[in-house]
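Undergrad: A single structure is presented below for examination.
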Amino acid sequence: MTMLSRFRGSMLGSLMGDCLGGPFEGDAVVSRTHLNNYFQQLRDPKKRLPFKPYTDDTAMTKSVALSLIDNKGYNAQDMAKRFTKEYFAEPKRGYGSAVHDVFMGLRNSNCEDPYRPAQRQFQGMGSYGNGAAMRVAPVALMAHNDEAAAIEIATMQSKITHSHKLGYQGAVLQCLAVRAALHTQPDDLNVVKFTDDLIAKMREIEKKDADTVVEDVGEESDAPWNTTSYARRLETVKSFLQKPEPPPMEEIHGLLGVHVSALKSVPTAIYCFLASQKSLPGIECNNNKFQRCIHFAISLGGDTDTIAAMSGAIAGAFFGEEHIPQELLRHCEAVKNALSWADKLCEASSNAKLGA
Ligand code: R7I
Ligand code: MG
Ligand code: MG
Ligand code: MG
């Protein structure tokens with residue numbers, strides 16, 4: 001499989017998760033039978049169905065992709081301007097409820113300091129929403145040869161809207177997951193090892209990010225910060241993957257989450273990708289593992305567009321364009337645009353000078 005196929009798969013996967021998951025955002029859970037029916041109808045060429053528009057997840061992914069392409073790397077002010085322009089052109093794409101204030105601040109200051117408005121969010125704490133993670137896949141593609149640059153750019157692009165540690169760390173984790181998928185041969189995937197590698201990387205990042213008090217505590221302790229650790233959440237992912245079947249929905253909701261916060265959605269998206277390598281009870285998918293992943297992600301309910309977009313970006317990078325069902329793609333808005341972002345990212349990534 002070529003890298004180009006994986007780039008295209010990742011951009012299409014993210015788009016499809018967003019478009020097909022969008023109608024269910026906020027539902028408590030979505031019955032798998034209902035979803036079997038939904039996917040069957042979508043695949044039926046005779047059925048005329050309402051078009052599935054993309055939401056903020058894709059609107060922001062577009063800005064990240066085009067900014068990286070046109071600048072041959074990361075340019076904070078340019079990216080902030082694109083986010084702002086995109087938002088005011090189409091504010092009704094389902095954006096998070098607080099992020100509007102960031103775009104107002106950016107517009108009013110002409111993006112002079114592109115990080116300043118985000119720092120004011122939530123009484124100066126910054127947002128820990130999943131908005132920086134949901135749009136990060138182009139960073140993983142652009143920096144597919146350079147992990148340090150991927151981490152740096154994932155962090156900095158987050159801080160334009162999400163300066164809370166959990167906001168940008170979630171984006172870093174999602175970026176690392178897409179990169180890992182890009183570099184894993186389908187026959188070589190070991191879901192536990194995939195998770196262990198991410199755990200090791202997040203431990204490092206969390207250690208570096210911890211304030212002094214936390215560093216003194218040591219990583220084996222039960223200090224409160226550990227309950228908000230991505231590495232810890234990924235341990236839960238691993239324990240779920242080691243069971244013969246996914247745990248009951250309440251356990252997935254309680255221990256991983258399906259929330260608009262990055263902490264309670266990014267590990268969940270990674271879990272959806274890894275769990276859907278095997279058949280899942282109640283999910284019909286014509287043996288297409290990509291479709292199974294999107295189906296499973298939506299079935300969890302909550303932040304369905306975002307969790308499906310994030311797991312779709314990972315699954316698409318892993319399986320490549322060829323595994324993404326055309327019958328489903330034809331319902332999604334902006335497929336041609338997503339393909340062009342992938343193609344340009346592929347070209348730009350080969351001669352990019354990275355570093356944020
Ligand atoms: O993170 P963000 O861009 O929203 C993305 C979500 C995705 O599901 C999209 O599909 C879209 O529907 O929205 O936007 P923010 O407004 O920054 O964060 C989203 C929400 O997370 C906020 O509206 C809050 O409900 C919550 N949140 C916080 N709550 C308390 N304290 C984020 N940060 C905080 C916080 O610090
Ligand atoms: Mg959305
Ligand atoms: Mg929404
Ligand atoms: Mg969402």
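The values are calculated or read from the model by the stated rules, or taken from the named source; none is laboratory data. Please read these numbers as outputs of a predicted model, since none were measured by experiment. Ideal geometry is used to build each Cβ from the backbone, glycine not excepted, and the neighbour counts take in all protein chains shown. Keep in mind that these areas ignore ligands, DNA and RNA; they rest on the heavy atoms of the full protein, side chains included. Shrake-Rupley method; radii C 1.70, N 1.55, O 1.52, S 1.80 Å.
Undergrad: Using θ = phi - 60° and the Karplus form 6.51 cos²θ - 1.76 cosθ + 1.60, what ³J(HN,Hα) does each residue of the stretch 270-277 get, whole Hz, x for Gly and Pro?
TA: Values, residue by residue: 5, 4, 4, 4, 6, 5, 7, 5 Hz.
Undergrad: Something else about it: Given a Förster distance of 22 angstrom, what is the FRET efficiency for Thr33 paired with Glu333, based on the Cβ-Cβ distance and rounded to 0.05? Let's see the in-between values first.
TA: On the way: r = 27 Å, r/R0 = 1.22.
About 0.25, to the nearest 0.05.
Undergrad: On average, how much accessible surface per residue is there in the stretch 3-350, in Å², for a 1.4 Å probe, leaving out ligands, DNA and RNA? Mind showing how you got there, number by number?
TA: On the way: 14130 Å² over 348 residues.
Here the residues of the stretch 3-350 average 41 Å² of exposed surface.
Undergrad: Using a Gaussian network model of the chain whose springs link C-alpha atoms within less than 10 Å, name the residue from Tyr128, Tyr271, Tyr38 with the highest mean-square fluctuation.
TA: Of the options given, Tyr38 has the highest mean-square fluctuation.
Undergrad: Place a label point 7 angstrom from the Cα of Glu250 along the Cα-to-Cβ direction, then list the residues of the stretch 282-300 whose backbone nitrogen is under 18 Å away.
TA: Only 300 fall inside the zone, counting backbone N under 18 Å.
Undergrad: If you don't mind, there's one more thing I want to ask. Could you identify which residue out of Asp187, Asp209, Asp197 has the top mean-square fluctuation in a GNM of the chain using Cα springs shorter than 10 Å?
TA: With Cα springs under 10 Å in the chain, the top fluctuation among Asp187, Asp209, Asp197 is at Asp187.
Undergrad: Could I ask something else about it? Within the accessible area of the chain, what % is carbon and sulfur when the probe is 1.4 Å and the other protein chains stay in place?
TA: Numbers: 7340 of 14800 Å².
Here it works out to 50 percent.
Undergrad: Rounded to the nearest 20 Debye, what is the dipole magnitude of the chain about its Cα centre when Lys and Arg each give +1 and Asp and Glu each give -1 at the C-beta?
TA: Its charge dipole is roughly 1000 debye.
Undergrad: Also, I was wondering about something else. How would you classify the stretch 117-219 from its alpha-carbon gyration tensor, with a ≥ b ≥ c the square roots of the eigenvalues: rounded for a/c under 1.5, else prolate if a/b is greater than b/c, otherwise oblate?
TA: Working: a/c = 2.38, a/b = 1.39, b/c = 1.72.
Here the stretch 117-219 falls in the oblate category.
Undergrad: Next up: I need the trypsin sites (Lys or Arg not before Pro) found in the stretch 80-116, filtered to DSSP loop residues with at most 16 other beta carbons within 10 Å of theirs.
TA: Numbers: sites: Lys81, Arg82, Lys85, Lys92, Arg93, Arg107; in loops: Lys92, Arg93.
For trypsin sites (Lys or Arg not before Pro) across the stretch 80-116 that sit outside H, G, I, E and B with at most 16 neighbouring Cβ atoms in 10 Å, the list reads Lys92.
Undergrad: Here's a follow-up. What spacing in nm lies between the two simple spin-label points modelled at Asp101 and Asp209, each 7 Å away from Cα in the Cβ direction?
TA: The two pseudo-label positions are separated by 2.1 nm.
Undergrad: Related question: May I ask you to order 26-32, 286-292, 176-182, 6-12 by the average number of other C-beta atoms within 10 Å around their residues, highest value first?
TA: On the way: 26-32: 14.9, 286-292: 18.3, 176-182: 25.6, 6-12: 28.4.
Order by mean packing, descending: 6-12, 176-182, 286-292, 26-32.
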